[in-house]
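Structure first, then comments.
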Amino acid sequence: MPTDAERSRRAADLVTAAARGDDAAWKALVEQFSGLIWSVTRAYRLGSADAADVFQITWLRLAEHIGRLDHPEHVGAWLATTARREALRASRASARVVLTDEDAVFDAQEAGGETPEQAVLRSERADQLWRAFRTLPARCQLLLRLLMATPPPSYTEVAAALDRPVGSIGPTRARCLRLLREKLA
Amino acid sequence: MHDEPDDARLEEELRELAARLEPVPDRLVQAALDAYAWRTIDAELAELTFDSLAGHEEAALVRGQQQERLLSFRASGLTIEVEVTAAGPARRLIGQLVPPQRTEVKIRHQDGVVTVATDEFGRFVADRMPAGPVSLRFGPTPGEGRSAVVTEWIPI
């Protein structure tokens, strides 16, 4: 895995190139950070319409700011912060009942079909793991769901998505994984 | 006590599960790629300075309900006030430039651009806008030596 310094340098190079009009650099940024932004929408449990809005707004904001970032090397944390703020705004706006993952599964059951989730969860280990994850305290689900992004985010990016100090991420992760392991035992 | 490699393995297992259960939707990845085409290099950015949704639950614009949301953007020497109302799935934007000026307003949204104009009082209206991200672009107004101004993207 690349070091944080290598990631930062690569991110800064991509931002600089994208600001000059390099399509391939933009595509590389999308590939690097879409998983992180999507994980923010999942971690904050947004419904599908709000999640789509937050994801799109975050990328549109970056397109608008690409040549104006003060710290291009921290573009991942900038994206995570933008996505968090938009996710919290969307949560406040959605006074309507949010369609949660569980609702989606329920709806599919009512309709007599099988969701992709149910297909995956027919594997016993996957089912146990996901159930155990869903019974963790909210702060653990929030943190772990962010860490579950593909590709794996840096602790700096996760801290930005939580608005928490970077130093708190490692210890909280260790506690939450220990809790998860106890539930699986 | 479990050591670090155990934690890394469990985290990786969770990551693989999340990638299978909740993958980034393909259409959103495409939207992220398309977002690049919207970047502007010749315009001043008007930042969001007020949003009635930020902090006031009772002022929330709820999808499908008839309520209003107030937004304010600021660029150098220009304030843009926008009121958003929802009517079913559509959105209505009523805005005003302060100080007032006549100019072209391009309302950029995910499916295209709607062009309207401000009147002598700096007011403009756009009906039947689709819900989702929008950004407003004003001008340029060469007569006043002003470059174009674009607002931050916001969801409506």
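Just add up the charged neighbours of B:ALA126: K/R +1, D/E -1, any other residue whose Cβ is under 9 Å from the Cβ of B:ALA126.
For residues surrounding B:ALA126, the net value is +2.
Compute the Cα gyration tensor for the protein assembly as shown, then decide on rounded, prolate or oblate, letting a ≥ b ≥ c be the square roots of its eigenvalues: rounded whenever a/c is under 1.5, prolate when a/b is larger than b/c in the other cases, and oblate in all that remain.
prolate
Taking chain B as a Gaussian network, Cα atoms linked when under 10 Å apart, which of B:PRO23, B:PRO133, B:PRO100 shows the biggest mean-square fluctuation?
Taking springs between Cα atoms under 10 Å, the residue moving most is B:PRO23.
Per residue of region B:91-104, in order, report the coupling 6.51 cos²θ - 1.76 cosθ + 1.60 (Karplus, θ = phi - 60°) as ³J(HN,Hα) in whole Hz, putting x for Gly and Pro.
Those phi angles translate into 10, 10, 10, 10, x, 8, 9, 10, x, x, 7, 7, 7, 7 Hz.
Once the mean 1/r over all distinct Cα pairs of chain B is inverted, what Kirkwood radius in angstroms do you read off?
Taking every pair of different Cα atoms in chain B, averaging 1/r and inverting gives 18.0 Å.
Read the figures in this text as sums done on the coordinates, not as results from a lab. Because the structure is predicted, anything quoted here is derived from the model rather than measured. Using ideal geometry, Cβ is built from the backbone for each residue, glycine included, and neighbour counts are taken over all protein chains shown.
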